[in-house]
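First comes the structure, then the notes that go with it.
The values are calculated or read from the model by the stated rules, or taken from the named source; none is laboratory data. Just so you know, these numbers come straight off a predicted model, no measurement behind them. With ideal geometry, Cβ positions are generated from the backbone for all residues, glycine too; neighbour counts draw on all protein chains shown. With ligands, DNA and RNA removed, areas are computed over all heavy atoms of the protein, side chains included. Shrake-Rupley method; radii C 1.70, N 1.55, O 1.52, S 1.80 Å.
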Amino acid sequence: MEISVAERPDAHVTVVTLHGELGVDSAASLRTTLAGLIDGCLIQIVVDLAPLTFCDSIGLSAFVDGHRRCTEAGGWLRLAAAGPFLERVLAVVGLLGWVPLYDTVHAACTGDAAHLIQP
């Protein structure tokens, strides 16, 4: 999996884009990336899921950990642009609604409630 990080200074948000498969072999990289951002006081994070082709339970736990750490630091972590399969997985395991999921990266960056996907 490849992880890219970009600043959105217009929205004071950091966008983390995941490319490929997020699983047991790559979840540690995501955790490290998120921890580095949070430790650097970048605590408004959007995770762009559009290029993600696979996610297992270990990958899902990285989202939970990142969300928890951001919240504890006074910020937030939002997911964005999940494909239909991943959206369904998030709903089935109970993360949809607990970790906010928006239909686009732009909506997640702005917190546009009209584009928040409900469980």
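General remarks:
- With an a/c value of 1.5 or above and a/b not larger than b/c for the gyration tensor axes a ≥ b ≥ c computed over the alpha-carbon atoms, region 66-106 is described as oblate.
- Rounded if a/c under 1.5, otherwise prolate or oblate - the chain, Cα gyration tensor axes: rounded
- Among G20, Q44, T104 the positive-end extreme of the charge dipole of the chain (Cβ point charges): Q44
- Per residue, region 1-113 exposes 48 Å² of accessible surface when a 1.4 Å probe is rolled over the protein heavy atoms with every protein chain present.
- With contacts taken as Cα pairs under 8 Å at a separation of at least 6 residues, the chain carries a relative contact order of 22 percent.
- Note on the chain: with neighbouring protein chains present and a 1.4 Å probe, carbon and sulfur make up 57 percent of its accessible heavy-atom surface.
- Fluctuation leader among F85, F63, F54 - the chain, Gaussian network, Cα springs under 10 angstrom: F85
- Residue-count net charge about A108 - beta-carbon cut-off 9 Å; Lys, Arg +1, Asp, Glu -1: -2
- Assuming charge only on the beta carbon of Lys and Arg (+1) and of Asp and Glu (-1), the dipole of the chain about its Cα centre is about 220 debye to the nearest 20.
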